[in-house]
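Everything below concerns the one structure shown next.
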Amino acid sequence: MDGPVGPAGESGMRSLASWPDLVDNRAGVSGRHLRELFAGDPGRGEQMVAEAEGLRLDYSKNRIDSETVPRLVALAEDAGLRERTEAMFSGERINVTEGRAVLHTALRAPRGTVIEVAGHDVVADVHEVLDRMASFSDRIRSGDWKGHTGKPIRNVINIGIGGSDLGPVMAYRALRHYSDRDLTVRFVSNVDATDFVEKTHDLDPEETLFVIASKTFTTLETMTNARSAREWSLAALGDHAAVAKHFVAVSTNAEEVAGFGIDTDNMFGFWDWVGGRYSMDSAIGLTTMIAIGPERFAEMLSGFHAIDEHFRTAPYERNLPALMGLLTLWYAEFFGAETVAVLPYEQYLERFPAYLQQLTMESNGKHVRLDGTAVDYATGPIFWGEPGTNGQHSFYQLIHQGTHLIPCDLIFFARGLNPLGDHHDLLVANVFAQAEALAFGKTADEVRAEGVEEHLVPHKTFEGNRPTNVLMAERLDPATLGKLVALYEHSVFTQGTIWGIDSFDQWGVELGKTLAKRIVPELQAREEPELEHDSSTNALIRAYRAGRDRG
Ligand code: G6Q
């Protein structure tokens with residue numbers, strides 16, 4: 001984008017009554033170093049901590065003073081966060097551009113809760129599907145479900161993309177410790193044939209189940225991979241009847257599922273009020289459930305629900321998702337922070353940053369408000385990250401000494417899942433050391449006191465004043481994973497509400513789905529068709545056709 005994104009609308013964040021107080025606070029805080037803020041308040045490290053449901057958020061190493069959170073909370077209240085939260089939880093159509101309710105919280109509502117959409121209780125539907133998923137998962141896990149030739153299923157391949165892939169992959173990797181190690185579980189998403197070929201090359205079709213996960217059941221990548229999977233199976237099993245034993249579907253589109261040849265008895269449904277990136281706890285989690293079992297999956301849902309209730313009811317001063325969302329907004333607005341780094345010190349969370357990229361950036365990558373007027377402030381920052389300590393040996397340099405301010409979320413667990421010597425203490429020591437160094441840095445005088453030659457002093461000085469959130473839980477288990485995901489879901493919601501945007505549509509993604517479809521026939525026509533793109537696209541199409549046909 002070349003410049004400001006447009007004029008302020010009437011109802012923008014900056015026109016809220018609480019806004020000037022926040023601007024004043026920012027002016028007071030900006031000149032103060034975290035060293036000074038800590039020195040001036042010895043209790044800060046214990047006071048600026050919020051705990052709920054076994055999660056402990058230390059937000060003391062943020063560039064805020066004792067007034068900042070109350071003023072951010074006033075902004076949240078002013079922006080109607082409470083009311084909009086209730087609207088979401090009660091099934092109002094808050095996704096205005098798609099005219100849909102946003103009810104991922106109903107996916108983890110306990111059995112017996114009543115949440116109505118158009119007079120119909122959706123929680124009963126949710127549990128009906130969960131029960132079917134549980135009995136199917138049990139049959140796969142026990143070996144009761146047999147493939148076409150009578151062999152039990154040993155391999156489960158999830159075919160899906162975006163919201164129908166990232167959540168299940170992340171959850172499977174995160175909960176691998178709890179998974180059935182006799183099952184091979186893989187995920188195919190990319191339309192690049194390499195993904196499918198590499199993930200299936202060593203598998204026996206007689207023992208392989210494909211879970212075709214697609215809300216629409218029309219997505220180009222997923223349907224292309226699903227067709228290749230069907231050919232791969234039938235080439236070995238030789239009989240169309242095999243599809244019933246080796247393919248199940250997760251979708252909202254029964255007609256397309258039946259058209260593909262999957263018996264709708266083997267279809268697990270969900271609903272239009274579940275957004276793709278909010279669907280890992282719906283039937284889209286079938287592969288996760290097969291891997292870890294229905295009881296563990298239920299524990300994950302209970303973790304989600306615990307944070308849902310916390311977000312809905314806790315005062316914002318002690319509300320973890322609200323605090324995290326408000327702090328993200330604080331840096332985006334007042335410190336020009338364009339990114340947030342998520343750094344889990346837990347190898348099992350290796351795909352958590354990638355998962356959060358979709359959740360956060362697809363939700364809040366918007367430049368107009370609900371009423372269509374352009375925002376005049378930055379919205380969703382870029383999320384990125386890698387598990388610690390690996391990142392420390394690469395990009396942390398820029399976080400410590402570069403010119404960009406990058407707020408970091410450091411996530412760790414009191415207990416590791418694979419006790420081995422002193423690995424875990426070493427891992428956690430790195431969390432604390434990094435947060436400390438980022439906040440307090442090392443002054444030139446401290447560097448000199450170490451005997452460093454004068455010309456190297458600027459290079460070895462660390463300015464500090466780099467903000468971090470430090471998030472701790474007891475250990476990574478299914479419930480904790482559910483809590484972590486819900487934490488970020490509601491943080492995203494907090495930000496989106498204050499920015500006044502629709503966090504639940506994704507028109508940019510929809511664009512991508514249609515654009516390529518126009519070009520495919522132009523690549524596949526025998527004779528080069530008349531091309532009516534721009535000159536660059538036309539030339540690229542010609543160069544590709546020539547290069548491919550030479551081969
Ligand atoms: C998520 C997005 C997007 C979607 C994929 C897959 O919120 O809408 O990532 O999940 O494009 O869509 P299908 O599930 O319909 O195949």
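The values are calculated or read from the model by the stated rules, or taken from the named source; none is laboratory data. Since the structure is predicted, the reported quantities are computational estimates derived from the model, not experimental observations. No Cβ is skipped: glycine too gets one built from the backbone with ideal geometry, and neighbour counts run over all protein chains shown.
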- Of all residues making up the range 433-473, the number that are among the hydroxyl-bearing types (S, T, Y) and either farther than 30 Å from G416 by Cα or at pLDDT below 95 (or both): 2
- Selected residue [surrounded by 15 or more Cβ atoms within 10 Å (Cβ to Cβ) and either over 30 Å from D125 (Cα atoms) or of a type in the set (K, R) (or both)] from L103, L75: L75
- Tell me which residues, restricted to the range 363-398, are aliphatic (A, V, I, L, M) and surrounded by fewer than 22 Cβ atoms within 10 Å (Cβ to Cβ). V368, L370, A374, A378, I382, L398
- Output the number of residues of the range 231-268 satisfying the condition of being within 16 Å of the ligand (Cβ to nearest atom), surrounded by 14 or more Cβ atoms within 10 Å (Cβ to Cβ) and either farther than 19 Å from V156 by Cα or without any contact (Cβ under 8 Å) to a residue 60 or more places away in the chain (or both). 11
- Could you count how many residues in the range 499-543 are among the β-branched types (V, I, T), within 20 Å of G99 (Cα to Cα) and either within 14 Å of the ligand (Cβ to nearest atom) or part of a helix (DSSP H, G or I) (or both)? 1
- Task: Check the range 130-152 and report whether any residue there is within 24 Å of S363 (Cα to Cα) and touching a helix residue (DSSP H, G or I) at 6+ places or on another chain (Cβ under 9 Å).
- Result: no
- Condition check for G388: modelled with pLDDT under 95 and touching a Phe, Trp or Tyr at 6+ places or on another chain (Cβ under 9 Å): yes
- Note on the structure: Over the range 474-507, the set of residues crowded, with 24+ Cβ neighbours inside 10 Å, out of contact with any Asp or Glu (no Cβ under 7 Å at 6 or more places or on another chain) and farther than 19 Å from F89 by Cα is L481, W499
- Query: List, please: which pairs have Cβ atoms under 8 Å, are six or more places apart or on different chains, and start with a residue in the range 371-390 that is among the charged types (D, E, K, R) and end with one that is surrounded by fewer than 16 Cβ atoms within 10 Å (Cβ to Cβ) and not in a loop (DSSP other than H, G, I, E, B)?
  - Reply: D376/R14
- Task: Tell me which residues, restricted to the range 423-469, are more than 26 Å from Y331 (Cα to Cα), among the acidic types (D, E) and not in a helix (DSSP H, G or I).
- Result: E450, E453
- Task: Could you pull out every one of the helices (runs of 4 or more DSSP H) wholly within the range 1-116 that has 1 or more residues that are of a type in the set (S, T, Y)?
- Result: 19-30, 68-78, 81-89
- Within the range 339-358, the residues that are assigned to a helix (DSSP H, G or I) and either more than 18 Å from T379 (Cα to Cα) or basic (K, R) (or both) are Q347, Y348, L349, F352, P353, A354, Y355
- Kindly indicate whether any position in the range 343-357 is surrounded by fewer than 16 Cβ atoms within 10 Å (Cβ to Cβ) and without any contact (Cβ under 8 Å) to a residue 40 or more places away in the chain. no
